[in-house]
Amino acid sequence: MPTDTPAEEAPQRRSRGRPRKTADERDDGNRRQALLRAAAHLFRRKGFAATSTRDIAAAVGMRSGSPFYHFENKEALLAAVMEEGMQRALQHQRERMDAAVAAAPDALSARECLRVLVRGHFHNLLGPESDHIPVMLYEWRWLAPQQKQVVSELMAEYEAVWVPVLQALRREGALKGDTALARLLIFGALNWTAQWYDAEGSASLDDLTEAALQLFVKDLE
């Protein structure tokens, strides 16, 4: 029925989910990532003790005090580099395993699972933008106990995927000895490649993977 009363304005719709980030907030995220990349690169090349926050700021075109807007101190930046590296390593590990399982016509054998894990580990350790993990391996002593705890939990999650694979290989007779010790020795050998591997040399990451499998796992007749 017509009325002389003005129609009420329709209520505005509320956007679902989180509000969009402003340009400044997005830029903050970009600057933080730039700092993490630069810090990882310098910590790996020069070492944590020999790298100053001034060095890191200069590498990304910031003023010397700007990193402290994002990180409380250099130690916090180091911890963030390690956490970032482990988070990326976990994501890459999951993606590679999911892709391998999806592509396999039948269930993956334990040896094939180990191949996927080893190749993924070499990517995390030696692939593009892979400075974060070597920094974690060789600058660990500079972390505070609470920071070590956080990184240790991420490392445990990463290594837990390897345990059932190694146990399956041992049941098959393809891996000898205690699986816990085998895991430590395998990681020790793989991680040491960060000290000597040359990406411009003749060996690819696939070559390293096959060599590692031949070294650690017995061929079954």
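The values are calculated or read from the model by the stated rules, or taken from the named source; none is laboratory data. Note that the structure is a prediction, hence the values are computed from the model and not measured. All Cβ positions, even for glycine, are placed from backbone atoms using ideal geometry, and neighbour counts span all protein chains on display. The area values use the complete protein model at the heavy-atom level, side chains included, leaving out ligands, DNA and RNA. Shrake-Rupley method; radii C 1.70, N 1.55, O 1.52, S 1.80 Å.
Quick notes on this one:
- Taken over the stretch 84-123, the criterion of being in a helix (DSSP H, G or I), open to solvent by less than 30 Å² (accessible area, probe 1.4 Å) and within 26 Å of residue 218 (Cβ to Cβ) is satisfied by 93, 100, 110, 113, 114, 116, 117, 118, 120, 121, 122.
- Residue-level analysis places residue 71 among those that are within 21 Å of the chain's Cα centre (by Cα), more than 27 Å from residue 192 (Cα to Cα) and open to solvent by less than 60 Å² (accessible area, probe 1.4 Å).
- Selected residue [modelled with pLDDT of 95 or more, surrounded by 11 or more Cβ atoms within 10 Å (Cβ to Cβ) and more than 20 Å from residue 134 (Cβ to Cβ)] from 190, 166: 166
- Among residues of the stretch 11-46, those that are at pLDDT 80 or above and either surrounded by 16 or more Cβ atoms within 10 Å (Cβ to Cβ) or in contact with a helix residue (DSSP H, G or I) (Cβ under 8 Å, 6 or more places away or on another chain) (or both), counted: 14
- As a summary of the residue check, residue 57 satisfies the conditions (1) open to solvent by less than 30 Å² (accessible area, probe 1.4 Å); (2) at pLDDT below 90 except for the one numbered (2).
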